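Asks: Just passing along the structure, written as structure tokens.
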Amino acid sequence: MVESDNEIDAISHNVPLKAVPTNEFPAHQQTTKMPDEDPASPSPNDSFEALTSLNNQSTPTRGTSRMQSAATSRIVTSPTKVPSILSTSPLKNRLPTSPTRGRVSMSPTKAARRVSVIGLESLQDLKRRRLSSDAKPEPDVHEPRLVIDHLLLHNFKSYAGDQIIGPFNASFSAVVGPNGSGKSNVIDSLLFVFGFRASKMRQSKLSELIHNSESNMALPECRVDVHFKKVIETFTGDGDPVSEEVPGSSLKISRKAFRNNSSKYFINDRESNFTTVTNLLRKEGIDLDHKRFLILQGEVESIAQMKPKAENKNDDGLLEYLEDIIGTSEYKDQIEQSLLKIDDLNDACTKKGDLFKITETAKKELEGSKDEALLFLKKEREMLEKKTFFYKYSLEDEEKYLVEQTAELNEVKAKLNNDNSSRKGIKNKEKKLNDEFNHATEKMRQIDEKINSLKKAHKMIEKSKVTMNEQIKHMENKKKKATKVLEKSNNTTRQAQNSLTRFEENLVDYTKQVTDLDEQLEVEKEALEEIKLELSDKTKEISVQIEELQQKLQPWKIKLDQKDGEITLKESEMSMLQSKLDDLQEEAAHAKKRLQEIGELLKTKDEHKEYLERERKHVREQIAAGDDEVGEARGKLREMESELHALRQRAEEAKANVSNATSRNRVLQALVHLKDSGRLNGFHGRLGDLGVIDDKYDVAVSTGGGSLDDYVVDTVECAQQCIQYMRNNNLGFGKFIVLQKLRKFNLGRIDTPVPRLFDLITPSDPRYAPAFYSSMYDTLVAKDMSEANRVAFGGRRRWRVVTLDGKLVDTSVEKIN
């Protein structure tokens, strides 16, 4: 190490800033001796520069505290040895997440030429360290951070040819050397690569950065390569950092300057440009906007002479300067607003305090009533506890009975499974019996209808029989009367015939007499005419005699006409009686024939009735036998129907589950495809697929897990993007767990009587653990319901317990009515 008391250049890229004791460097630090400058190269005297860079990532909390670091992080200086510090660390371009505060410590001698590294501390970290006695230590593993591995300078300023500066330690390195050895040029090389103008490197133009000496004149270009790498830093139990390089994380940033005052940028030996390089550096955390890591040598004294704090708004003090460098000045307005809110809250607190005093006075007045209420509540609690134990023991008895019934049900199910093969035959037999029953019912209905029709016919026949009997009786009477009339008519006819015969004989005689008399009259007329002619005188006497004879003949004519009328009347009466007699005889014969037919029909009907009665009796016997078989078949049918209903219900549930699973798989496949195509960031998949558990807890976690089918995303925007995509493509619905919105759970193990379900799950990534915990919380796993009840209600704390077969004991409702 070369001694020097004239110059110190400090580069600090360390975040967190590791404490360096004032009496020695830690064993892991490295010291790099600068190569000698070309004596022909001019170097400024009495130069002083300090370069500091802050990492805004989260800092470790183990080992030496950062407040101690701030107090002890001072560069060791002496009149004879002046180290220059170069510490590499992750470079992030993000502002601090909370206001930070720094401190500059100056040595009493040569204050203008010596400076302590500025230790910056987060206000939130300060508050956290005040509570460090109660806080749990955080893990030692950190995210990878970018550090400078080494520098390669080619014909840059005082360095001729290729000069390698480094390698640098991942935590703290010191660059020391005499005045003019090139310590400031190391800083200038960094500024050169970071894109600063030549004036910032104490030159008027870029071509002046090219090395120029007697042995190396008119060189065409100069180049600086900054080699970065990423490391993962851990801390040992003594607080010492241990860094491991991330494989494949090397990065090389280069810049060339030419004689025509132009320059080119390179990233990993590929030509780039200023914008790309600066954007990459900003992305990696190097602050190129506010230049917080740079303090020029002329500014140190003015900074040291600043007032501690500005006296008014227009002045600048050290505090304002540091706040502007750190970036906390933007919080001034917020602090002032917070102070106003504090005043308002103090006023509100005063009012609340007064109200509290009034309330406390009222509370004291209610102490007596409170004691009585507490006593009542205590008694009620005891009653509820006794009821709980009673219900618990009752529940255990019911569970034992349920187990027995379940065993019987399993036996019945086994028997049912054995009978499944013959169920088809039973169904066929049942169908055949139903067909026979329906056929018998239809036949019985037809027989009943036939019997009813026969009964109606029988009634009609009986009625017709009675009517016919009455008619027969009436006809018999009528026949008797007709017979009597006939006999009388026969007698009358015989008499009439006799009279007629006699009359006919008399008629013949009378006719003969009339004929004789007519002939005689004609003769007499002729004789009369002749006599008249001959004897006109004698006519008068004869006429008188004729008139006398005619008068004597007149009564006989009248009697003859009367007898002719009587004969005609008797002939008509006889003809009418003969016609009536014929009709009566015909009706009697028809009635006898009808009566004979009715008798034969009645005999036939009686025989058919006896046959139908026998048939009905036989059918009723068959129906009675069929009713027994049908009743037995219907009982079996009801059992089969109930079993079929249960099987159908299980089938429907299985179909619904399959449908839901298919829908979920369709949604999951669509979202995974969207993620794989690069259009969806922050989607991790179904919660149940992001962890593993032993197979014997599968049923328990499915019952107690609740939200295993939900989808896990990082942000609300990602969930909204998924929902919009599902809505646009009609994919159904889904529930999302947003990791960003989950509150901080205590995921450490707790004392439980039986295993906690959450502890049995191994997430594929630790960041999924809060999602699993939000799904089941402190649910425990028991072997059976007896153990579950004992764990859930036996202790002072009520637990939510699930058994291995999926039965859940939920104690969320503590009060039992």
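The values are calculated or read from the model by the stated rules, or taken from the named source; none is laboratory data. Note that this is a predicted model, so its numbers are computed, not measured. Note that each Cβ is placed from the backbone with ideal geometry, even for glycine, and that neighbours are counted across all protein chains shown.
Asks: Of the conditions (1) of a type in the set (Asp, Glu); (2) within 23 Å of Val809 (Cβ to Cβ); (3) in contact (Cβ under 8 Å) with a residue 24 or more places away in the chain, Asp714 satisfies every one except a single condition; which number is it?
Replies: The failed condition is (2).
Asks: How about segment 715-736: which of its residues are closer than 15 Å to Asn681 by Cα and either under 21 Å from the mean Cα position of the chain (by Cα) or among the hydroxyl-bearing types (Ser, Thr, Tyr) (or both)?
Replies: Hits for segment 715-736 are Thr715, Val716, Cys718, Ala719, Gln720, Gln721, Cys722, Ile723, Gln724, Tyr725, Phe736.
Asks: Would you mind stating whether Gly195 is over 19 Å from Thr275 (Cα atoms) and part of a loop (DSSP other than H, G, I, E, B)?
Replies: no
Asks: Condition (residue is under 30 Å from Pro308 (Cβ atoms), among the basic types (Lys, Arg) and modelled with pLDDT under 90) applied to segment 335-355: is it met by at least one residue?
Replies: No, segment 335-355 has no match at all.
Asks: In segment 379-391, is there at least one residue being farther than 30 Å from Ser786 by Cα, of a type outside the set (Val, Ile, Thr), assigned to a helix (DSSP H, G or I) and not assigned by TED's automatic domain parsing to the domain that holds Ser786?
Replies: no
Asks: Please work out which residue is nearest to the chain's Cα centre (by Cα), limiting yourself to segment 495-523 and to residues that are among the charged types (D, E, K, R) and modelled with pLDDT of 70 or more.
Replies: This residue is Arg502.
Asks: Follow-up question, since we're still on this one. What pairs come up if the first residue lies in segment 723-742 and is farther than 26 Å from Pro770 by Cα, the second is polar (S, T, N, Q), and their beta carbons are under 6 Å apart, counting only those six or more places apart or on different chains?
Replies: Listed pairs, sorted by first residue: Gly732/Ser663.
Asks: Report those strands (runs of 3 or more DSSP E) wholly inside segment 697-815 carrying at least 1 residues which are within 30 Å of Leu395 (Cβ to Cβ) and at pLDDT 85 or above.
Replies: 780-782, 801-803
Asks: Can you work out which of the residues in segment 594-642 that are under 60 Å from the mean Cα position of the chain (by Cα) and of a type in the set (Lys, Arg) is nearest to Ile461 (Cα to Cα)?
Replies: Arg620
Asks: All but one of (1) surrounded by fewer than 22 Cβ atoms within 10 Å (Cβ to Cβ); (2) under 28 Å from Arg381 (Cα atoms); (3) touching a Phe, Trp or Tyr at 6+ places or on another chain (Cβ under 9 Å) hold for Leu780; which doesn't?
Replies: Going through (1) surrounded by fewer than 22 Cβ atoms within 10 Å (Cβ to Cβ); (2) under 28 Å from Arg381 (Cα atoms); (3) touching a Phe, Trp or Tyr at 6+ places or on another chain (Cβ under 9 Å) one by one, Leu780 breaks only (1).
Asks: Next question, about the same structure. Pull up segment 696-721, narrow it to residues that are small (Gly, Ala, Ser) and farther than 20 Å from Pro766 by Cβ, then point me to the one that is surrounded by the most Cβ atoms within 10 Å (Cβ to Cβ).
Replies: Of everything passing the filter in segment 696-721, Ala700 is surrounded by the most Cβ atoms within 10 Å (Cβ to Cβ).
Asks: Name the single residue, out of those in segment 786-806 being aliphatic (A, V, I, L, M) and touching a Ser or Thr at 6+ places or on another chain (Cβ under 6 Å), that is farthest from Val699 (Cα to Cα).
Replies: Ranking the candidates gives Ala792 first.
Asks: Working only within segment 165-192, note down all residues that are over 12 Å from Val147 (Cα atoms) and within 60 Å of the chain's Cα centre (by Cα).
Replies: Selection gives Leu190, Leu191.
So that you can scan it fast, the table gives a plain yes or no per residue for (1) without any contact (Cβ under 8 Å) to a residue 60 or more places away in the chain; (2) surrounded by fewer than 19 Cβ atoms within 10 Å (Cβ to Cβ); (3) not in a loop (DSSP other than H, G, I, E, B):
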position	(1), (2), (3)
Ile148	no, no, yes
Phe168	no, no, no
Ile187	no, no, yes
Ser204	yes, yes, no
